[in-house]
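Undergrad: Structure below; questions to follow.
Nothing in this text is a laboratory measurement; each read-out follows from the coordinates by a stated rule. Note that the structure is predicted; figures quoted are calculated from it, not measured. Here Cβ is always computed from backbone atoms with ideal geometry, including for glycine, and neighbour counts include all displayed protein chains.
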Amino acid sequence: MSRILITGAAGNLGKVLRASLAGKYDTLRLSDVGDMDPAGPGEEVVKCDLANARAVQALVDGCDAIIHLGGMSVENTFDVILDANIRGTYNIYEAARKQGVRRILFASSNHAIGFHTRETQLDARSEMRPDSMYGVSKGFGELLARYYFDKYGIETASVRIGSCFEKPRDRRMMATWLSFRDFAALVECVIDADRVGYSVVYGASDNAEKWWDNRLAGHIGWVPQDSSQQFSDDPAIAGAVNAPTDPAVMFQGGGFAAAGHFED
Ligand SMILES: NC(=O)c1ccc[n+]([C@@H]2O[C@H](COP(=O)([O-])OP(=O)(O)OC[C@H]3O[C@@H](n4cnc5c(N)ncnc54)[C@H](O)[C@@H]3O)[C@@H](O)[C@H]2O)c1
């Protein structure tokens, strides 16, 4: 794998990867609709709207693998989600098929399964239960990836990212937190693995409270090293009220499960 495309490179996780993957592959092609820092050594910077199919074809040309992070990363109106996440992800897979890209990491989300209760243990076979239009769009991306593997052999790891921030921001994130270091290691495992096939991976660190079981993705070889436990005394965690009948507390998706619909 010598040229790796990262979409959403101007975003939070794109910036994390830009730093952590620097120098590990011949070329990082960094792309976003937003502004990015100029290209450094071993980098190419390409501004591109994922909703523009022709531009995405050119973007993917010459790449060996794609880390697809770009899109609307929280709930929004259907029209916004449609262009950024649904059209955008379709354009990436079509470009991959036409340009012969063999492997993709799709940044899915815990919000594709957010309406499972927190007492439910999930693995890669669990039913999708999206908690938002955003979560529906991630479910679409996962199904698209499944289809492109079965029909065209393009491998995908659909990573249902939990909460990938510097530290957990609330009690829920004690279970869903994914450290930047564990995220970057997971991305490298997906790029470097002998075989990915079609895999669903839950993106959480080795936290004490666990809702997700990654044994079905063991062939990718990712073993998270960090734990949210180091933040248990943080006032945002220790002092939080955790009302057990509040939908934001009952369901894995938290506030996304409790929120109303975003009108167009
Ligand atoms: N950070 C998390 O905890 C988390 C959790 C679950 C899923 N995810 C997913 O991981 C990915 C990265 O998350 P993030 O936290 O870095 O989000 P982010 O919002 O910081 O970054 C997303 C990037 O995508 C770009 N983008 C949006 N629409 C685009 C378009 N039409 N064309 C090109 N680029 C476009 C944005 O400009 C932005 O820079 C997203 O797909 C998100 O849904 C993240």
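Undergrad: In nm, what is the difference between 0.36 nm times the number of residues separating residue 243 and residue 152 and their Cα-Cα distance?
TA: Between residue 243 and residue 152, full extension yields 28.0 nm more.
Undergrad: Tally Lys and Arg at +1 and Asp and Glu at -1 over the other residues with C-beta under 15 Å from the C-beta of residue 3: what net charge comes out? Each step should come with its number before you reach the end.
TA: Values: positive: 18, 24, 29, 102, 103; negative: 26, 43, 44, 61, 64, 192.
Net of charged neighbours comes to -1.
Undergrad: Using the count of nearby Cβ atoms within 10 Å as a rough guide to exposure, how do 127, 209, 43, 75 rank from fewest to most?
TA: Listing 127, 209, 43, 75 from fewest to most nearby Cβ atoms yields 127, 209, 43, 75.
Undergrad: Could I ask something else about it? With runs of 4+ DSSP H residues as the only contributors, calculate the mean residue ellipticity of the chain at 222 nm using -39,500 (n - 2.57) per run, divided by the residue total and rounded to the nearest 500.
TA: Helices in the chain give a 222 nm mean residue ellipticity of -8500 deg cm²/dmol.
Undergrad: With each label point set 7 Å from Cα along the Cα-Cβ vector, what nm distance links residue 123 and residue 227?
TA: 2.3
Undergrad: Project the alpha carbons of segment 134-208 onto their principal axes and report the range along each, largest first, in whole Å.
TA: That works out to 41, 29, 18 Å along the principal axes.
Undergrad: Using every pair of alpha-carbon atoms in segment 89-145, split the distances into 5 Å bins beginning at 0 and state the percent of pairs per bin, rounded to integers.
TA: 5, 18, 26, 19, 14, 10, 6, 2, 1
Undergrad: Looking at the chain as a GNM with Cα springs under 10 Å, which of 15, 151, 47 has the largest mean-square fluctuation?
TA: Result for the chain, Cα springs under 10 Å: 151 fluctuates most.
Undergrad: For segment 64-172, report the % of Cα-Cα distances exceeding 23 Å.
TA: 29
Undergrad: Give me the three principal axis extents of segment 3-258 from the C-alpha atoms, as integers in angstrom, largest value leading.
TA: On the principal axes, segment 3-258 reaches 51, 35, 34 Å in Cα extent.
Undergrad: If each residue of separation counts as 0.36 nm, what is the full-extension length gain between residue 236 and residue 213 once their alpha-carbon separation is subtracted? Provide the component values of the computation, followed by the final result.
TA: Values: separation 23, 0.36 × 23 = 8.28 nm, distance 2.66 nm.
Stretched out fully, the residue 236 to residue 213 stretch lengthens by 5.6 nm.
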